[in-house]
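I have placed the structure first, in the form of structure tokens, so that the comments after it can refer back to it.
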Amino acid sequence: MPAPTALEIEHAIRNVPDFPKPGIQFKDITPVLADPRLFAGAIDLLTQNFAPGSVDAVVGIDARGFIFAAAAALKLKAGFVPVRKVGKLPWQTIEQSYDLEYGTNTVAMHLDAIKPGQRVLLVDDLMATGGTAAAAIALMQKLGAQILEVGFLIELKFLDGRAKIPGLPIRSIVVY
Ligand code: AMP
């Protein structure tokens, strides 16, 4: 079986209008996950700049980011580190808040999740405004991570999330 192209992956992503609220075009990635060829192809594309052993950890963002980051970590023979919504991690954490359209959100990481100088990737399913990824990056940088790349299966380019992630290489597989 040939590896899927980004266009094939794009065609499998389901657009769900007005979920979870009116006006949002929700990008449903579950059809990509359900197809083993597309799922594996998405992980291959997300990790294509890196050889197994060249990365210490892949950081994933709660919750869909975990799926892609954990698979990427196994492929790269790296560890997996979760960035979670506040209040979910059991041990000592560092936290970072960021602004939403209405209100704020807070994400957290375990204090010992990354050692200073470790080579890490950040992976999430989708970049919209970039606020979530920027908060995760702030936490990773506080712990001294050497961030090699930030990867998304989907980028909503019209929201210009890249402006919130200056100075880091960003890879996105499907761009709307
Ligand atoms: P943001 O912080 O604005 O970049 O939002 C990114 C986070 O929100 C990601 O973790 C996504 O899972 C989720 N998200 C935002 N917009 C969408 C969308 N249109 N479809 C699916 N997920 C979304």
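Scanning region 157-170 turns up one or more residues that are among the basic types (Lys, Arg), closer than 26 Å to residue 41 by Cα and more than 10 Å from the ligand (Cβ to nearest atom). In region 121-137, how many residues are without any contact (Cβ under 8 Å) to a residue 60 or more places away in the chain and away from the ligand (no atom under 13 Å from the Cβ)? Of the residues in region 121-137, 0 are without any contact (Cβ under 8 Å) to a residue 60 or more places away in the chain and away from the ligand (no atom under 13 Å from the Cβ). Considered as a group, the residues in region 136-146 that are crowded, with 23+ Cβ neighbours inside 10 Å and of a type in the set (Gly, Ala, Ser) include one that is farthest from the chain's Cα centre (by Cα), and that residue is 145. Looking across region 144-155 at every residue that is small (Gly, Ala, Ser) and out of contact with any Leu (no Cβ under 8 Å at 6 or more places or on another chain), the one that is nearest to the ligand (Cβ to nearest atom) is identified as 145.
Residues that are under 14 Å from the mean Cα position of the chain (by Cα), under 14 Å from residue 66 (Cβ atoms) and touching a residue at least 40 places away in the same chain (Cβ under 8 Å) do occur in region 101-111. Tell me, yes or no, whether region 56-69 has at least one residue that is more than 24 Å from residue 136 (Cβ to Cβ) and either in contact with a Cys (Cβ under 9 Å, 6 or more places away or on another chain) or in contact (Cβ under 8 Å) with a residue 12 or more places away in the chain (or both). Looking for residues that are more than 24 Å from residue 136 (Cβ to Cβ) and either in contact with a Cys (Cβ under 9 Å, 6 or more places away or on another chain) or in contact (Cβ under 8 Å) with a residue 12 or more places away in the chain (or both), one finds none in region 56-69, hence no. The one condition from (1) touching a helix residue (DSSP H, G or I) at 6+ places or on another chain (Cβ under 8 Å); (2) more than 11 Å from the ligand (Cβ to nearest atom); (3) in contact (Cβ under 8 Å) with a residue 40 or more places away in the chain that residue 82 does not meet is (3). Look at region 13-27: where a residue is over 17 Å from residue 157 (Cβ atoms) and a partner is more than 10 Å from the ligand (Cβ to nearest atom) and not in a strand (DSSP E or B), sitting 6+ places away or on another chain with Cβ atoms under 6 Å, you get 14/31. Counting only strands (runs of 3 or more DSSP E) wholly contained in region 1-95, the ones carrying 1 or more residues that are open to solvent by less than 40 Å² (accessible area, probe 1.4 Å), of a type in the set (D, E, K, R) and modelled with pLDDT of 95 or more occupy 25-28.
The set of residues from region 147-176 being open to solvent by 60 Å² or more (accessible area, probe 1.4 Å) and outside any strand (DSSP E or B) comprises 157, 158, 159, 160, 162, 163, 164, 166, 167, 169, 176.
The sole residue among 96, 141, 118 that is away from the ligand (no atom under 16 Å from the Cβ) and in contact (Cβ under 8 Å) with a residue 40 or more places away in the chain is 118.
The values are calculated or read from the model by the stated rules, or taken from the named source; none is laboratory data. On a predicted model such as this, the values are computed, not experimentally measured, just so you know. For neighbour counting, all protein chains shown are included, and Cβ atoms are generated from backbone atoms with ideal geometry for every residue, glycine included. With ligands, DNA and RNA removed, areas are computed over all heavy atoms of the protein, side chains included. Shrake-Rupley method; radii C 1.70, N 1.55, O 1.52, S 1.80 Å.
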